[in-house]
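J.: Mind looking over this structure? Questions follow.
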């Protein structure tokens, strides 16, 4: 342990001698959380909507106001062509066109007076909507929001004691009642950023020793490759934990992401995850000769898998079978499940131990491979 402690002190001095890099290492995660926290957002709002009102009654005008009085829709950039509503979609001045045909006012009046007879009519009134399907997500959101607005408007036309016939769903959303994208993405973003920063920090450690010519001095000291690897990892665990705490605080204070679980549990799992991430960087550092190559390899190996194959954005169960198998070697997959569980659901250790076990196994394999490769290079 004394030898490992000395190597850790030596590595800590390297870190403290470069305050600019230290500042970047601490500030960059916060800046990335700020930028990506706003950039990655599935809350679709401000959809450009045009309305063609052929009914021109007080009821149709009230419905039009309902659309524009929400955060979901804004007025289109131009007026739609009455004879060809598709034109405004081709010009990209609107995403959707709502068409209110003649008879809307009469339908609402009939609902107010004789709701049972109006609802049993063989020719129900329909509000039309023309959508730009080139952006499938936007079109789907526009159709869904429009349906909700029209349904609520029609419901208010009915007497208080009258209900729509049939089975009704009464939803109750747990853990994220407002369905905010930031509450889903920001915890996952913390996992991605910690992976990238941790791997970048350690990927240059041994490569730096090779470039500066101090590797020979290190090899002549009475320490084993395993002691060198562990000693170099320890200071970066501390630095990465500082990054993690700062980003976590920023996510809770700035983005309002709830924290329902135990801080101790998150720190415990965070250390395990950071060790796995640092192990990737150490292994890369033993394989390449220059710091530049090490940094490029770290970004390639960590960022793409952590974003694409971890469940951060895309559901793993929806991926092809081959990719689902590959996701099992991506550390971010396990920590994203852990951090979302702790922050949003208040999950405890008994519910997350399998993910933690996978991270421990990955860390041991990577550190063993790094030490073995380092020993081979020495030989």
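J.: Would you pick out the residues in region 313-339 that are touching a residue at least 60 places away in the same chain (Cβ under 8 Å) and surrounded by fewer than 22 Cβ atoms within 10 Å (Cβ to Cβ)?
T.: First, the residues of region 313-339 that are touching a residue at least 60 places away in the same chain (Cβ under 8 Å): 313, 331-332, 334-336, 338-339.
Of everything in region 313-339, just one residue is touching a residue at least 60 places away in the same chain (Cβ under 8 Å) and surrounded by fewer than 22 Cβ atoms within 10 Å (Cβ to Cβ), namely 313.
J.: Okay, moving on. In region 94-109, how many residues are out of contact with any helix residue (DSSP H, G or I) (no Cβ under 9 Å at 6 or more places or on another chain) and part of a loop (DSSP other than H, G, I, E, B)?
T.: Number of matching residues: 3.
J.: Which residue out of 366, 361, 352 is exposed (fewer than 14 other Cβ atoms within 10 Å of the Cβ), in the same structural domain as residue 232 (by TED's automatic domain parsing) and either assigned to a helix (DSSP H, G or I) or touching a residue at least 12 places away in the same chain (Cβ under 8 Å) (or both)?
T.: Going through 366, 361, 352 in turn, the sole match is 361.
J.: Looking at this structure, is residue 201 under 30 Å from residue 283 (Cα atoms), at pLDDT below 85 and in the same structural domain as residue 20 (by TED's automatic domain parsing)?
T.: On the way: under 30 Å from residue 283 (Cα atoms): yes; at pLDDT below 85: yes; in the same structural domain as residue 20 (by TED's automatic domain parsing): yes.
The answer is yes for residue 201.
J.: Output the number of residues of region 224-243 satisfying the condition of being over 13 Å from residue 4 (Cβ atoms) and free of Cβ contacts under 8 Å to residues at least 60 places away in the same chain.
T.: Matching residues across region 224-243 total 3.
J.: Condition first: in a loop (DSSP other than H, G, I, E, B) and within 21 Å of residue 108 (Cβ to Cβ). Now tell me which residues in region 42-57 satisfy that.
T.: Listed by number, the residues that qualify are 54, 55, 56, 57.
J.: Checking the condition modelled with pLDDT of 85 or more, more than 30 Å from residue 188 (Cα to Cα) and either surrounded by 19 or more Cβ atoms within 10 Å (Cβ to Cβ) or over 31 Å from the mean Cα position of the chain (by Cα) (or both), which residue from 84, 93, 55 passes?
T.: Answer to the check: 55.
J.: Let me ask something else. Within region 58-81, take every residue that is part of a loop (DSSP other than H, G, I, E, B) and in contact (Cβ under 8 Å) with a residue 40 or more places away in the chain and give me the one that is farthest from the chain's Cα centre (by Cα).
T.: 70
J.: Report whether or not residue 121 is assigned by TED's automatic domain parsing to the domain that holds residue 94 and at pLDDT 80 or above.
T.: In short, no.
The values are calculated or read from the model by the stated rules, or taken from the named source; none is laboratory data. Source: prediction; values computed, not measured. In this analysis, Cβ positions are derived from the backbone assuming ideal geometry, glycine residues included, and neighbour counts consider all displayed protein chains.
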